[in-house]
Amino acid sequence: MAVMDPAMLRLAGEIAEAVLFAATSEIEYFAAAAAELDRGLARSGRSPNELIRRTVAFSCVHRNGDEARRLPGRRSRVLSQNSAICRPSPRTG
């Protein structure tokens with residue numbers, strides 16, 4: 001289920017198997033969206049581990065490693081470091 005509205009995020013937390021976040025969103029959106037998903041999960045009595053959370057990742061290949069890490073921007077670095085937002089799937093680890 002791909003949604004952005006808070007009410008739809010809560011509904012996704014209640015009924016969806018997986019959620020796909022918009023890749024161009026800022027980190028503040030991901031944190032707010034995760035909170036709405038958690039509200040929906042709690043309302044339905046589901047565990048956070050029952051919902052797969054995914055987004056499209058920005059990546060870059062460059063001869064210079066520092067440049068490759070810099071080019072995709074803040075969003076990809078912050079998301080990859082925040083396990084509360086992007087939890088591993090129980091199916092894939």
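Just so it is clear, none of the values below were taken in a lab; they were calculated from the coordinates. The structure presented is a predicted model; accordingly, all values stated were derived computationally and were not measured. No Cβ is skipped: glycine too gets one built from the backbone with ideal geometry, and neighbour counts run over all protein chains shown.
Counting Lys +1, Arg +1, Asp -1, Glu -1, what net charge surrounds Arg39 among other residues with beta carbon under 10 Å of its beta carbon?
On the way: positive: Arg10, Arg43; negative: Glu14, Glu36, Asp38.
Charge balance in the 10 Å sphere: -1.
Would you mind counting up the charge near Pro6? Only other residues with Cβ under 11 Å from its Cβ, with Lys and Arg at +1 and Asp and Glu at -1.
Numbers: positive: Arg10, Arg39; negative: Asp5, Glu36.
Neighbourhood net charge equals 0.
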